[in-house]
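The values are calculated or read from the model by the stated rules, or taken from the named source; none is laboratory data. Everything quoted here is computed from the prediction, not taken from an experiment. Don't worry about glycine lacking a Cβ; one is built from the backbone with ideal geometry, like all the others, and counts go over all protein chains shown. Just so you know, the surface numbers come from the protein's heavy atoms only, side chains and all, with ligands and any DNA or RNA stripped out. Shrake-Rupley method; radii C 1.70, N 1.55, O 1.52, S 1.80 Å.
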Amino acid sequence: MSIAHGIKRLGVLGAGQMGTGIAFVSALHAKVPVLLHDKSAHQISKGLSLIDKLLAKDVSKGRLQPSDAAEARARIQAVDALESMSDVDMVVEAVTENLDLKRAIFREFAAKIRPDAILATNTSSISITKIAGAVIPEGASAAGEVGKAASGRVVGLHFFNPVPVMKLVELISAVQTSQDTLDRSRAFAEACGKEVATSQDVPGFVSNALLMPFINEAIMCLEKGVATRDDIDKTFRLGMAHPMGPLQLADFIGLDTCLSIQQTLYNGTSDSKYRPSVLLERMVDAQYLGKKSGRGFYEYND
């Protein structure tokens, strides 16, 4: 049995910043071979380049021996089809926050990945129970029983961005999730060098049920002219000892992601306190998405 309590081979779907970060910590700390898949060859190339840069930086800072970096990099392999992950012990989905997309992906997971593998989602706000429900097909009772068994292997494993730096993983159980799945997922996250916090499957879980309304309220303060951008962020940096203010943090998360999560909170609770700021919606309409687009509440040079 491996250091990751039975996770001897990992699949990661999505080679964006989150997916590559998960692949990085899994290969480096949990020492697990990782198969990385994305439909975009460009995204795969970009993700692997980021992993190379992270490893080189750790070596240059003396945090990692060159031999250890080389071993970690050798554990990560890009694959061009989901079928190549059919024999993994766990697969982690790390794509955009879209329920329909995630449900379609998990139907594929249930059909194409070994029947005892853990099916994990890195979602930061979407119901794990709804995602797990997607693997139970309509029709023949035998297919339904297989789907019910697969739904017990679905779990929320929410890493935080940037994954190599942030110490927390949020573990979320669907109504269907088995205790064995929870135990193995916790052990894997800890093997990746993370602390684990658990949350009920409610909109936003613990993290974003608290964080996103805070960011949304800060945007509303800017929208209403209560204070300037700089004074809002300065207040939280210097008055509350936050490492960055809420508007800068929103830029780093991505304003489209912030809006998507806030809409999930609003739609999932029907509570007006979660209504997204009009300014946030307009920023996303203008494609001012934050650091990743070069402009949000601040401007960024790559």
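Hey, does region 138-152 have a residue that's at pLDDT 95 or above, open to solvent by 10 Å² or more (accessible area, probe 1.4 Å) and more than 26 Å from P33 (Cα to Cα)? Scanning region 138-152 turns up no residue that is at pLDDT 95 or above, open to solvent by 10 Å² or more (accessible area, probe 1.4 Å) and more than 26 Å from P33 (Cα to Cα). Filter region 174-215 for residues that are in contact with a Lys or Arg (Cβ under 7 Å, 6 or more places away or on another chain) and either among the aromatic types (F, W, Y) or at pLDDT below 95 (or both) and give the result. Selection gives nothing. Set side by side, the residues V226, V169 differ, and just one is within 27 Å of P276 (Cβ to Cβ) and not in a loop (DSSP other than H, G, I, E, B), which is V169. Summed over region 18-46, the residues that are buried (at least 24 other Cβ atoms within 10 Å of the Cβ), more than 15 Å from the chain's Cα centre (by Cα) and in a helix (DSSP H, G or I) give a count of 2. Of all the residues in region 246-278, those that are over 21 Å from the mean Cα position of the chain (by Cα) and not in a loop (DSSP other than H, G, I, E, B) number 5. Among residues of region 90-121 being outside any helix (DSSP H, G or I) and not aliphatic (A, V, I, L, M), the one that is nearest to G6 (Cα to Cα) is D116. Six or more apart or on different chains, Cβ under 6 Å: which pairs go from a residue in region 7-31 that's touching a residue at least 60 places away in the same chain (Cβ under 8 Å) to one that's outside any loop (DSSP other than H, G, I, E, B) and among the polar types (S, T, N, Q)? Could you list them? Final answer for the pair search is L10/S26; A15/Q43. Among residues of region 257-280 that are within 14 Å of E217 (Cβ to Cβ), those with a beta-carbon under 6 Å from a residue that is among the charged types (D, E, K, R) and open to solvent by 40 Å² or more (accessible area, probe 1.4 Å) at least six positions away or on a different chain give the pairs Y266/R275; S277/E223; L279/E223. The number of residues in region 185-217 that are surrounded by 21 or more Cβ atoms within 10 Å (Cβ to Cβ) and part of a helix (DSSP H, G or I) comes to 8. With the condition kept exactly as written, say whether any residue in region 238-245 is farther than 29 Å from G16 by Cα and in a helix (DSSP H, G or I). Looking through region 238-245, at least one residue is farther than 29 Å from G16 by Cα and in a helix (DSSP H, G or I).
Note on region 223-244: residues that are over 28 Å from the mean Cα position of the chain (by Cα) and either open to solvent by less than 50 Å² (accessible area, probe 1.4 Å) or modelled with pLDDT under 95 (or both) total 1.
When M166 is tested against (1) buried (at least 21 other Cβ atoms within 10 Å of the Cβ); (2) within 15 Å of the chain's Cα centre (by Cα); (3) not basic (K, R), only condition (1) is not met.
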